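All of the numbers you see were taken from the coordinates with simple rules; none came from a lab. This one's a predicted model, so the numbers in the text were calculated from it and none came from an experiment. All Cβ positions, glycine included, derive from the backbone under ideal geometry; neighbour counts span all protein chains shown.
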């Protein structure tokens, strides 16, 4: 008795491996269905003729693409997107089937006009407070001061009217997607807006809690303004911008010192010689237990309009005669 050993043809195995690799992104069941009769078909073609399989069938990738098309499956590269879309659709259907979803949607629909107004407020505050560094109104704490508090209120009201009209408009699919993107951006922008509002509120609370001491006579040390001791000085330039680390001297050339006493949280400033500059203003304080100044650009709630430049050359404009002592 003679045993017959069947040896797989390497031409068939090589071509079959290329086809299987091109179908590797398909689900296992679909891939096995397509490959079920491919090996046998390739063997028949090899036995019929010695012509290479790539001449008779084309490259393995092209043959695999024909198999996909005949089975109604998507081309290679789109299968993963189709699977993701199908998965997301299934998850969405499962979520919408929850009993609490419908009441939640009805509630959100009822409060939609409130979001339209909040959206307008966020847009105004992002533009003027975050981007243009406007201050908050001292009398209307949640309104940005645009030249004055009432003007800020008018701008917010005008923006609210526009936002409400936009919300009431029936947008198409593209318009709804665009509005959803705008809403997401404004919701994210609420973080710096609320942070700025919290800082301004904290500053007002600190000022209201400040203890005022009345002196029967002018103290011999420190700086006094309108009978009250000065605890900090905020210098502004001609354009109305707050300056930092500005050294001030009196008319005798002495460093201006507020004589506030030692404070370990006060940021110390030194010159190049290593000397402590007690007259560098404004004073800044570290967060307790750290060496970090939380708000290095913070200033008082004041408006410093730009100065109108005047000639400073001798004899340019007549001025009263003033005798200045020589130093």
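Note on residue 96 and residue 133: with the Förster distance fixed at 41 Å, the Cβ-Cβ geometry gives a FRET efficiency of about 0.40.
Put simply, the C-alpha atoms of segment 212-295 give a gyration tensor, and the ellipsoid matching it has half-axes of 22, 17, 15 Å, longest first.
Approximating the spin labels as points 7 Å out from Cα along Cα→Cβ, the residue 161-to-residue 231 distance works out to 4.4 nm.
Quick one: compute the contact order of the chain, relative version, from alpha carbon pairs under 8 angstrom and 6+ residues apart, as a percent. After rounding, I find 10 percent. Annotation: peptides 88-100, 256-268, ranked by per-residue average of other Cβ atoms within 10 Å with the highest first, follow the order 256-268, 88-100.
Applying 1/(1 + (r/R0)^6) with R0 = 22 Å to the Cβ-Cβ distance of residue 182 and residue 295 gives a FRET efficiency near 0.15. Highest GNM mean-square fluctuation among 241, 139, 41, for the chain modelled with Cα contacts below 10 Å: 41. Working ranking of peptides 175-182, 54-61 by packing, defined as the average number of other Cβ atoms within 10 Å per residue, highest first, is 54-61, 175-182. Applying 1/(1 + (r/R0)^6) with R0 = 41 Å to the Cβ-Cβ distance of residue 275 and residue 201 gives a FRET efficiency near 0.60. Evaluating kT/(6 pi eta Rh) at 25 °C and 0.890 mPa s, with the Kirkwood radius of the chain over Cα pairs in the Stokes-Einstein relation, gives 84 µm² s⁻¹.
Estimated at 0.36 nm per residue, the fully extended path between residue 41 and residue 111 surpasses their Cα-Cα distance by 18.7 nm. Here, segment 112-208 has an Rg and a Dmax of 14.6, 52 Å when only alpha carbons are counted. When Rg and the Kirkwood radius Rh are both evaluated on Cα atoms of segment 10-77, their ratio Rg/Rh stands at 0.96.
Each semi-axis of the equivalent ellipsoid for segment 152-210 is √(5λ) with λ an eigenvalue of the Cα gyration tensor; in descending order they amount to 34, 15, 5 Å.
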